[in-house]
Amino acid sequence: MDAQLDTLRTEALAAITAAADETALEQLRVRFLGQSGTITAVSKGMKDVSKEDKPRLGKLLNDVRTAVTAALDARKAALQGDADAAAFAGIDVTLPGTASKLGTLHPITQLLDRTIAIFRRMGFALADGPDIETEWHCFDALNTPPDHPARNEQDTFYFADGRLLRTHTSTVQIRTMEKTAPPIRIIAPGAAYRRDEIDATHLAQFTQMEGLYVAEGVSVADLKGTLEFFFRELFGNDAQFRFRPHFFPFTEPSYEVDIKAAVLGTGSAGGGKWLEIAGCGMVDPAVFEQINTKRGDTAFDPEKFTGFAFGFGLDRLAMILSGTPDIRYFTDNDQRFLAQF
Ligand code: PHE
């Protein structure tokens, strides 16, 4: 039996060393150590061995089994190493990898976030409303008569059913007043649409930010203080303002706000010039009356409450702040432009 085991060991080790792949190796394992393998067969004969020979032969059998198992494992590891090396052949693993690039928020979104944060500090809450609106919310409620040019087919996108794409987010102020009573302090950012000829300073869709404050005793001083604070946060403390009398159907008195600031010196605006940046005014009592009629109460009693409203385009502000000469860059989605923010 000694000789038989020695032969088996020699035979097995030689075969394992010569095995070309893992399949061949597995076949060898079965052939020597499997249930009907040759080494297993020898071990089955152990029960007939004499008492004196048993310890010696038992140990030898164990040694052979251990040696064959170790050889199988070693050969398997070697074959896997070879396979890995083959997979890497021709690849220089020391070369730097391809880094994946992280994008940033769109410049208008960044400005929107900043704007919201500044108004939040002054206690303004965010309000939202639909882009597709009724004529009433967009015009009638805002004291804008049917013959007003903004209502013209050439200026507004109408749907066949008479609804339209809102021309400003003042619609959100109307919707807020329909369902809440004073005091109200909201900002309404969102898309607004106009049938503008698209050029360097106009798009048919832009991002507007409007605000409304209604309470007892709200005055023009509050309006000026709020807007000046906001624009100083954006343009710096040296910013100068001009509230130029203007007309809007829904505010009385109404103003356009012009700004002059050092940061604008290098921007598209050119240095030292007054730049128009916003429209604003005191809510016209006629708007409150419209709301009361719709609500069927006197929640917005014009004798008791006053309010101010304002609106400006974020695209315009983003252009001024970043010195972007053409508004169309914001919608071209050209990475060479966007990656600069
Ligand atoms: N809704 C006006 C516009 O879109 C802006 C505005 C808002 C003006 C509130 C005055 C008061 O041009």
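The values are calculated or read from the model by the stated rules, or taken from the named source; none is laboratory data. Here the structure is a predicted model, which means the values were calculated and not measured. Cβ atoms come from the backbone with ideal geometry, glycine included; neighbour counts cover every protein chain shown. In case anyone asks, the SASA skips ligands and DNA or RNA and just uses the protein heavy atoms, side chains included. Shrake-Rupley method; radii C 1.70, N 1.55, O 1.52, S 1.80 Å.
Where helices (runs of 4 or more DSSP H) fall entirely within region 83-181, those with at least 2 residues that are over 30 Å from Gly296 (Cα atoms) and open to solvent by 60 Å² or more (accessible area, probe 1.4 Å) are at 107-121. For region 208-241, the candidate set comprises residues that are in a strand (DSSP E or B) and within 13 Å of the ligand (Cβ to nearest atom); within that set, the residue that is farthest from Ala278 (Cα to Cα) is Val214. Apart from one condition, Val287 fits all of (1) away from the ligand (no atom under 13 Å from the Cβ); (2) in a helix (DSSP H, G or I); (3) of a type in the set (Val, Ile, Thr); the exception is (1).
Do you know which of the residues in region 314-332 that are open to solvent by 20 Å² or more (accessible area, probe 1.4 Å) and of a type in the set (Gly, Ala, Ser) is farthest from the chain's Cα centre (by Cα)?
So in region 314-332, the residues open to solvent by 20 Å² or more (accessible area, probe 1.4 Å) come out as 316, 321-323, 325-326, 328-329, 331-332.
Filter once more, so that each one left must be of a type in the set (Gly, Ala, Ser): 322-323.
On the way: Ser322: 21, Gly323: 24 Å.
This residue is Gly323.
Cβ separations smaller than 7 Å between residues 6+ apart or across chains give no pair from region 226-240 residues that are at positive phi and not assigned by TED's automatic domain parsing to the domain that holds Arg121 to residues that are modelled with pLDDT under 90 and surrounded by 16 or more Cβ atoms within 10 Å (Cβ to Cβ).
For region 190-207, which residues satisfy the criterion of being part of a loop (DSSP other than H, G, I, E, B) and either without any contact (Cβ under 8 Å) to a residue 12 or more places away in the chain or more than 12 Å from the ligand (Cβ to nearest atom) (or both)?
From region 190-207, those part of a loop (DSSP other than H, G, I, E, B) are 194-198, 200-201, 203-204; that's our starting set.
If the condition is that a residue be part of a loop (DSSP other than H, G, I, E, B) and either without any contact (Cβ under 8 Å) to a residue 12 or more places away in the chain or more than 12 Å from the ligand (Cβ to nearest atom) (or both), then Arg195, Asp196, Glu197, Ile198, Ala200, Thr201, Leu203, Ala204 are the ones that fit.
Can we say Phe310 is touching a residue at least 60 places away in the same chain (Cβ under 8 Å) and either open to solvent by 60 Å² or more (accessible area, probe 1.4 Å) or β-branched (Val, Ile, Thr) (or both)? Even if it seems obvious, please write down each step before you answer.
Numbers: touching a residue at least 60 places away in the same chain (Cβ under 8 Å): yes; either open to solvent by 60 Å² or more (accessible area, probe 1.4 Å) or β-branched (Val, Ile, Thr) (or both): no.
When the stated conditions are applied, Phe310 does not pass them.
Quick one: Arg65 ticks every box in (1) of a type outside the set (Gly, Ala, Ser); (2) assigned to a loop (DSSP other than H, G, I, E, B); (3) surrounded by 12 or more Cβ atoms within 10 Å (Cβ to Cβ) bar one, so which box is it? For Arg65, the exception is condition (2).
All conditions in (1) in a strand (DSSP E or B); (2) touching a Gly at 6+ places or on another chain (Cβ under 7 Å); (3) open to solvent by 10 Å² or more (accessible area, probe 1.4 Å) hold for Ile187, with the sole exception of (3).
Of all residues in region 274-307, those that are open to solvent by 10 Å² or more (accessible area, probe 1.4 Å) and more than 37 Å from the chain's Cα centre (by Cα) total 19.
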